[in-house]
Amino acid sequence: MKNLALLFVLALPQSTSAQPFSESMADCASVYQNAAQWVKTDDSADRLMSAAVSWAEAAVKQSYAEGQPTTAEAVWEKIDRKTEGWEAKGHKVFFTQDFRDWTQYCRSFAKAQGIALNP
């Protein structure tokens, strides 16, 4: 009976794992890129886009470390698609818990990965 239970467990589909870091880095880049479109000053937009660029560069580098190398162009295409999702939510997205959660996550993730977001 014990062997049958073990066989049953082994036959179950494996749970999905977390997305690769490179994908999360593209997610964070899209958060910053979207925010850059809504700020009032060019200086603020430049700082946010600088952070998006840092995330994009980290995503490319990380994709190589993950054994799934990709180009900067492909990463930016992904970031742009993800940004479209944020844009569709409009300016009110900045007042949502989802946005706050993402910005907190991205700041913590940047710190853990040694990614400088404010030059």
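Look through T71, T83, T96, T103 and report the one residue that is in contact with a helix residue (DSSP H, G or I) (Cβ under 9 Å, 6 or more places away or on another chain), of a type in the set (V, I, T) and free of Cβ contacts under 8 Å to residues at least 12 places away in the same chain. Criteria check complete, one pass: T71. The set of residues in region 42-82 that are within 13 Å of the chain's Cα centre (by Cα), open to solvent by less than 90 Å² (accessible area, probe 1.4 Å) and farther than 15 Å from C106 by Cα comprises V60, Q62, S63, V75, W76, K78, D80.
N118 satisfies every condition listed in (1) surrounded by fewer than 13 Cβ atoms within 10 Å (Cβ to Cβ); (2) assigned to a helix (DSSP H, G or I) except (2).
Taken over region 83-115, the criterion of being within 23 Å of W38 (Cα to Cα), loosely packed, with under 11 Cβ neighbours inside 10 Å and aliphatic (A, V, I, L, M) is satisfied by A88 alone.
Quick check: is even one residue across region 34-47 of a type in the set (S, T, N, Q), farther than 19 Å from Q19 by Cα and in contact with a helix residue (DSSP H, G or I) (Cβ under 6 Å, 6 or more places away or on another chain)? For region 34-47, residues of a type in the set (S, T, N, Q), farther than 19 Å from Q19 by Cα and in contact with a helix residue (DSSP H, G or I) (Cβ under 6 Å, 6 or more places away or on another chain): present.
Residues being modelled with pLDDT of 95 or more, out of contact with any Gly (no Cβ under 9 Å at 6 or more places or on another chain) and more than 24 Å from Q104 (Cβ to Cβ) are entirely absent from region 10-22.
The values are calculated or read from the model by the stated rules, or taken from the named source; none is laboratory data. Keep in mind that this is a model prediction, so the values were computed, not measured. For neighbour counting, all protein chains shown are included, and Cβ atoms are generated from backbone atoms with ideal geometry for every residue, glycine included. For the accessible areas, the whole protein counts, side chains as well, though only heavy atoms, and no ligand, DNA or RNA atoms are used. Shrake-Rupley method; radii C 1.70, N 1.55, O 1.52, S 1.80 Å.
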